[in-house]
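Working notes, beginning with the structure itself.
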Amino acid sequence: MIVKTKISLKPYNTFGIDVNAADFIEINSIEGLKFIIETFDLVNRHTLVIGGGSNILLTKNYDGLVLKMAILGIEKVSEDAEHVYIKAMAGEAWHQFVLYCVNNNYAGIENLSLIPGCVGAAPMQNIGAYGVEIKDTCFEVEAYNVETNEQKIFSNAECKFGYRESIFKHEAKGKYIITSVTFKLLKQAKVNVSYGAIQDVLRSKNIENPTIKNVSDAVISIRESKLPNPKVLGNAGSFFKNPEIPTEEYLSLKEKFPAIVGYKTSETNTKLAAGWLIEQCGWKGKVVGNTGSHKDQALVLVNYGNATGNEIWKLAMQIQESVFEKFGVTIIPEVNVI
Ligand code: EPU
């Protein structure tokens, strides 16, 4: 185990923010993790665990210990007539794992193709796209308690998944380090093409009975057309969550703004497209110093090169304020601000 000191975190966050970590260790095995928990007082020490660094905004040098999760491995742990149970270690790149499943015809996560980040971070915010969330296929999450150094298995229900939410952002925050996720996937695919944009791509290719590979390819092409590649332009995907408001409120907003985009999520609530709200406030494609809101997807804030985390945060707060002024709706960041 190597402890590096004062290293730049620029390669470890997709926003490409250049701040230093006081101490930095890469975790390559469960034994390594157990040794770190035993040796360092992670409970009282300022500690940040990162996977792909695709959902964080670093606003200052990190004065504590950064643990980069890098445990690798994918295995089929069991199967029954309809399902396969695939365990992926936390450091596996999410998209590579999706491709592994697609290539083996294990169905259920193909709509989540090309999402940046690592497997271990996926349950934290219940990653989701194109009508699918990992809560739909996550069987269990294995984690280590940083106080007791014991393993705990969280069942799907124990993860308390919600829209971009889980127990790991609340009660379990800072208490556990996720080491693997096991997925329950289907042998016979039931593709989910409910999302209009996927249907459009399939139609344009005259595909009537799509395979999971077709769906994965369609998602990849949609994402590539709308979302900036973090390797080219620093970003952390959607910066804000889509706000959920009472449908009554939505209907009165619709009277004033007939083009407003909303989807009913329950008997009482409607989710608004934050990208639309932000665009209406004039932010889409606007460049502010080294940062800005992306030209093809207003919900994505980008780093044009040398932005600081504070610069991006300041822009985010200005956007939040103007959306509130115009619509009376508060949009909440989904990115973790450190
Ligand atoms: N829209 C605009 N202007 C914009 C962006 C969007 O008017 O600049 C409107 C469009 O009318 C569109 C609607 O918003 O119909 C929804 O847009 P989109 O399909 O791009 O999805 P989203 O709600 O903006 C969410 C997720 C994405 C995920 C997509 C696809 C959140 C916060 N974001 O975005 O997830 O890829 O749906 O399912 O829920 C992420 O979390 O980082 C992420 C990229």
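The values are calculated or read from the model by the stated rules, or taken from the named source; none is laboratory data. It should be emphasised that the depicted structure is a prediction, and the values quoted were computed from it without experimental measurement. Every residue, glycine among them, receives a Cβ derived from its backbone with ideal geometry; neighbour counts consider all protein chains shown. Areas reflect the complete protein model, heavy atoms only, side chains present, ligands, DNA and RNA absent. Shrake-Rupley method; radii C 1.70, N 1.55, O 1.52, S 1.80 Å.
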MET124 vs (1) open to solvent by 50 Å² or more (accessible area, probe 1.4 Å); (2) away from the ligand (no atom under 16 Å from the Cβ): all pass except (2)
Checking ILE37 against (1) in a helix (DSSP H, G or I); (2) at positive phi, which single condition isn't satisfied? (2)
Of all residues being touching a residue at least 60 places away in the same chain (Cβ under 8 Å) and not in a strand (DSSP E or B) in the range 131-171, which is nearest to LEU114 (Cα to Cα)? Just the residue, please. GLY131
Output the residues belonging to the range 52-102 that are touching a residue at least 24 places away in the same chain (Cβ under 8 Å), among the polar types (S, T, N, Q) and within 21 Å of SER216 (Cβ to Cβ). SER54
Checked the range 212-236 for anything within 9 Å of the ligand (Cβ to nearest atom) and over 19 Å from ILE278 (Cα atoms); matches are VAL219, ILE222, ARG223
Would you point out the residue of the range 13-41, among those that are open to solvent by 10 Å² or more (accessible area, probe 1.4 Å) and of a type in the set (Val, Ile, Thr), that is farthest from the chain's Cα centre (by Cα)? THR39
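Conditions (1) in contact with a Pro (Cβ under 7 Å, 6 or more places away or on another chain); (2) open to solvent by 40 Å² or more (accessible area, probe 1.4 Å); (3) of a type in the set (Gly, Ala, Ser), marked per residue:
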{"residue": "ILE153", "(1), (2), (3)": "no, yes, no"}
{"residue": "LYS160", "(1), (2), (3)": "no, yes, no"}
{"residue": "SER166", "(1), (2), (3)": "yes, no, yes"}
{"residue": "ALA172", "(1), (2), (3)": "no, no, yes"}
{"residue": "ILE177", "(1), (2), (3)": "no, no, no"}
{"residue": "PHE183", "(1), (2), (3)": "no, no, no"}
{"residue": "GLN188", "(1), (2), (3)": "no, yes, no"}
{"residue": "ASN192", "(1), (2), (3)": "no, yes, no"}
Would you please name the residue that is farthest from the ligand (Cβ to nearest atom), looking only at residues in the range 237-285 that are surrounded by fewer than 14 Cβ atoms within 10 Å (Cβ to Cβ) and in a strand (DSSP E or B)? PRO246
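Of LYS60, LYS4, LYS76, LYS10, which residue is basic (Lys, Arg), open to solvent by 70 Å² or more (accessible area, probe 1.4 Å) and more than 28 Å from TRP313 (Cβ to Cβ)?
Sole residue among the options that is basic (Lys, Arg), open to solvent by 70 Å² or more (accessible area, probe 1.4 Å) and more than 28 Å from TRP313 (Cβ to Cβ): LYS76.
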